[in-house]
Structure formats: C-alpha cells, structure tokens
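Just below is one structure, and these are the notes that go with it.
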Amino acid sequence: MRLWFLIPLLLCLPTLIRSEDYSDVTIVVRGAETIASTSDEFICATIDWWPPEKCNYDQCPWGQASILNLDLNNPLLAKAIQAFSPLRIRLGGSLQDQVVYGTPNLGSPCTPFSKSSSGLFGFSQGCITMERWDAINKIFVDTGAVVTFGLNALQGRWQMGRGVWGGAWNSSNAREFMEYTVSMNYPIDSWEFGNELSGNGVGASVGAEQYGKDIIELKSIISQLYGNSRKPLVVAPGGFYDQKWYAQLLDISSPNVLDAMTHHIYNLGAGNDPQVANRILNPQYLSQSSDIFRDLQMTIRRHGPWSAPWVGEAGGAYNSGSRKVSNTFLNSFWYLDQLGQSAKYDTKVYCRQTLIGGNYGLLDTETFCLAVASAHGKGSNFLRHQRFFGGVALLMLNLNKNMGFMVSVRNDLNINFREMAGIKRDSSFVHGLKRTVSWVGSKASDGLEKREEYHLTPQDGNPFARTVLLNGAPLQLTEDGDIPSLPPVMVSVNSPIYVAPLSIAFVVFPDFEAEGCER
C-alpha cells in the first residue's frame, strides 16, 4: 500500500503539564497537503550472498541464509513473504560483485564461494547455477514477491591501485543470465548495478564516469532483451552516499537511464559497538540520518529528476548487526523511525538488511520464525511520530525510559491559529485543550466514533526481549505458522492517547479528513 506523508505542522505543545508518570503533548496534523509519497512496494527486505563462514566479532551468524543455500522449501519462508503482501526482495550484498552466473558459456566450473585470503572480503568468486535461479524464482512467483536483482559490476575490470578498479564492465556473462531470465518469463522488477562501489567504495571502487557509461550499456541491454514488453527498472549504485559521485553519475548517465538511485545506510555503528543501544534511544542521534535523505533528494532534483531515491540496504549496525541489540525489541525503534524519516524525503523503497541472515534478520536464521520486529513534537524529542495512510495512521515511538506521554491529535483544518498564538503562556487554555482537541474531523465527535490503537511493548518490560506484546498479549505464530491476528483496541476519538515509556503505538483514525491523501 502506498504511504502518503502529510505536511508537518509543528504546533505540538511544550511539556506544560507534568506528573510523575506522563507529560501532555498535542500533535497537529496538516491534512490538506502531502510532502511525499512512497511506492506501493516501499517495504523491502534483502537476501544476501554471505556463506556460513562469514564471521564478525568471533561469531558466525549467517548459517544457511545465503541466496545459494537458503531452504526455499521451508513453508515459514513463503508465509513470511506473503504476510507483507507485497514484499520487495533485493538480492544482493557485499559478495555481489564476485558472483558469476552458470550460463552455458561461462567457461569455468560453477562453484560456490570459498574462503580466500586474496579475494574481496576474504572470499573467492562464487557462482549461481541456473537450477538454483529457477528454484528462487519459483518461490518468488508463488508468493508474489517483487524482485530487485543486483548484478556483478566488477566483471572485466582490473585493480589499478589500492581499492580502485578501472576498465569497462564486461557484460557478456550478465547478458546471458538476463537472456535466460527473460526466456523463462521471470518477473524481475528491477536490475541493480553493483554494490558499494561508489565514492571511496567498500573493498573496491569505480569512478563515476565509467560507472555512468556502464549503466548506459545496461539500459541498452534491457531495451534489447525485453523489446516491447514491460522493461525492468535500472537501479544503481547501491553504495554509501557521496554527493559529488552521485551527482556525476546522474550527469554522465544522461536523462531517463537511471530510474532509481540506491544508497546504503548503517547509522548505528559497528555491530560490536557498545553504544548501539544508546544511539537507538537518542532522538538527536537518530535525526542525523535526515541529512542524508534530504541531501540525496536535492541531488536528484538538481541532476536527475527522472530518478528516484531508494534505500537499497539498511541494517542499523554494520558487520552483521549487533547480537545484543539487532534481534531485540529495542531495534524496532531505529527501524520504524528510519522508515518515517526516509519517506519524508520522497524515498520510494526502503530495503531492510535482511529478510533472513546475520543478527538483523526479520526472520530467525534457524527457526524461520519472525524475529522482533516526521514531525518532532516540541513537547519532547523523545516522542517521535510519523503520519501514514488516509484517513490517517499515526506512528508514535516513545524513546523515554521513564516518562509516558498523553497525546492529543488535532487536524489543522479545525484549528484556530489566533487561539494557538498564546498557547505557551496560558496554562488554563492548555488544560482545556487537552480535554477537547482529540477529535480530528471537521466538527467535534459525538463520542461514538472510534479509533484503532495498536500498542507494542517488550515482554516483561525488557527492551532487549525478543518477544513483543500487542496491546499486552504476546505475538506468536499460529500452530500452522501463520501470522497471528492483530486486533486493535477500539477507543473513542475524543480521548487522548497514552504512549507508555519505551513503547510503540500505531493509532488509526479511519475518518480523519486528509485531503492531501486523496490526490
């Protein structure tokens, strides 16, 4: 479902009313206009190439989660993909640029990755057979997944210096792989070119000028192979944002060649960094990511307005994530906050690293069960909120360990700005506002209208728990492995919303008047 992000109106009240347990906040939503919209497949997850031997910090958390060895017949995998309906899956990762494709003219044995001190990231070249590619596409077709496949962009190049690769891309093996894919009618939505080769690169880098020329060649191959059929998108560079490099890539590749610019973001630090948990609960730290989203949006507007920003990979903590944080309830705050921040700056797709694998997978590597899964109110930076859908669904993240928030929501279509002008000085008016502004229509509710509330908290109040409670009840798969029902609490729209300390709340207003969402 497409998400519409309404223009924020920062009239959220300061913390004027306090008790030992909660603070009052009012959120005013501007429903007349939108600031951005996402694609229908905004939610995306990755499947990586890492073999079981991939280890960080004396742990090897990948197991059988690779594109090459993942158990595709596990029924929980299919059920998980279908639960997102639809889920975009991005196939790629660090070893992507060492993958060759087992087509008839490969000219060498098609063997998997192995440890190699001379290879990038400590691994040799690896190969995917066409039989494995068939099996992967079967589950994607069966589940309705939307597929983005990352191609090897180093093929044919040579290392010119430390980490710098030169020469043109040799497209012959990739072209044969794509020809086979087209012949089998596999519905690839987009072909991504390269992984983390932009700017200074990670392990390897390629200059923007040559990269742009290679993308033009990829676009030409797609045009030839797909003919009059719907053509997949061209996506690149799948790297860390470097303004100068990204701008040059758009300038070189020319109009209407690059459909989406992907960038990666791991803003919490290394997986073994002891500050990961503290950063998740620091609203000022979380907000720093907005600078990247904003800058990329502006770079695209200035140099390539035909393109769109995507987050191609985001895992919070890099090097397989944090084994103490990434698979716990606490990590949900970082993830949900980034979804909101990125969408605010017109990001069309956000790919979570990973669907399965590492410490940050949405699915447990061994059991395949689901792992734990913007305007900034002046009342407190610890209460972060985003607005979705039409009516409106409000996402609120309370990062404060001790303070709850009593939140009133108001539509700017109803608000009297003259009355609001003196709000900071008139505490008696604030008390009255608390009792009267929770309604969100063009006129006050008669008390019969309801909103839906979904409150997520960790089991036993432990932020590092791996079991989540929905409105106080544990979320667990059914006996058949299906996603459980997610019943809301129905509450009168006239009442304020209580957001408990260290909790997440989704609040749906079915009848919220949001003209911007209807356009």
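The values are calculated or read from the model by the stated rules, or taken from the named source; none is laboratory data. Predicted model, so just to flag it, every value in this text is computed and none were measured. For neighbour counting, all protein chains shown are included, and Cβ atoms are generated from backbone atoms with ideal geometry for every residue, glycine included. For the accessible areas, the whole protein counts, side chains as well, though only heavy atoms, and no ligand, DNA or RNA atoms are used. Shrake-Rupley method; radii C 1.70, N 1.55, O 1.52, S 1.80 Å.
Using the scaling law 2.2 N^0.38 Å as the reference, what is the normalised Cα Rg of the stretch 98-238?
Scaled against compact globular proteins, the figure is 1.06.
Just need the Rg to Rh number for the stretch 63-124, please, alpha carbons only, Kirkwood Rh.
1.05
Express the accessible area of the stretch 221-300 per residue in Å², computed with a 1.4 Å probe while the remaining protein chains stay in the model. All intermediate terms of the calculation are to be shown ahead of the outcome.
Working: 3150 Å² over 80 residues.
Here the per-residue accessible area is 39 Å².
By accessible area of protein heavy atoms, probe 1.4 Å, what ranking do Arg175, Arg162, Arg88, Arg230 get, highest first? It would help to have the intermediate numbers written out before the result.
Details: Arg175 70, Arg162 230, Arg88 5, Arg230 140 Å².
My answer, sorted largest first, is Arg162, Arg230, Arg175, Arg88.
Once the other residues with Cβ under 15 Å from the Cβ of Gly461 are scored (Lys, Arg +1; Asp, Glu -1), what is the net sum?
0
Of Lys79/Lys344; Lys348/Lys401; Lys138/Lys348; Lys54/Lys244; Lys344/Lys401, which pairs sit farther than 28 Å apart, going by alpha carbon to alpha carbon?
Among Lys79/Lys344; Lys348/Lys401; Lys138/Lys348; Lys54/Lys244; Lys344/Lys401, the Cα-Cα distance tops 28 Å for Lys79/Lys344; Lys348/Lys401; Lys54/Lys244.
Across the Cα atoms of the stretch 220-297, what radius of gyration and what greatest pairwise Cα-Cα distance (Dmax) are found, in Å?
Expressed in Å, the Cα Rg and Dmax of the stretch 220-297 come to 17.5, 54.
I need the Debye-formula profile for the stretch 196-258: one equal scatterer per C-alpha, no solvent, reported as log10 I(q)/I(0) at q = 0.20, 0.29, 0.30 1/Å, two decimals.
Taking Cα atoms of the stretch 196-258 as identical point scatterers yields -0.74, -1.21, -1.27.
Once neighbouring chains are kept in place and the probe is 1.4 Å, which whole percent of the accessible area of the stretch 43-385 is contributed by carbon and sulfur?
50 percent
Could you sort Glu479, Glu179 by their accessible area in this structure, using a 1.4 Å probe and putting the largest first?
Sorted by accessible area, descending: Glu479, Glu179.
Kindly state, as a whole number, the per residue volume in cubic angstrom of the convex hull around the alpha carbon atoms of the stretch 43-385.
Considering the Cα atoms of the stretch 43-385, their hull volume per residue is 132 Å³.
Which value, in debye to the nearest 20, describes the size of the charge dipole of the stretch 197-296 about its Cα centre when Lys and Arg Cβ atoms bear +1, Asp and Glu Cβ atoms bear -1, and nothing else is charged? Could the numbers behind the result be given before it?
Details: 7 positive and 9 negative charges, 54 e Å.
For this selection, approximately 260 debye.
Could you work out the local net charge near Lys138, counting Lys and Arg as +1, Asp and Glu as -1, over the other residues with Cβ closer than 15 Å to its Cβ? Write out the running numbers ahead of the final one.
Working: positive: Arg132; negative: Asp71, Glu131, Asp134, Asp142.
That sum, taken over residues with Cβ under 15 Å, equals -3.
If you take the Cα Rg of the stretch 26-85 and divide it by 2.2 N^0.38 Å, with N the number of residues, what do you get?
Here the Cα radius of gyration is 1.81 times the empirical estimate.
Keeping all protein chains in place and using 1.4 angstrom, which order do His455, His303, His263 fall into by accessible surface area, from largest down?
Sorted descending by solvent-accessible area, the residues read His303, His455, His263.
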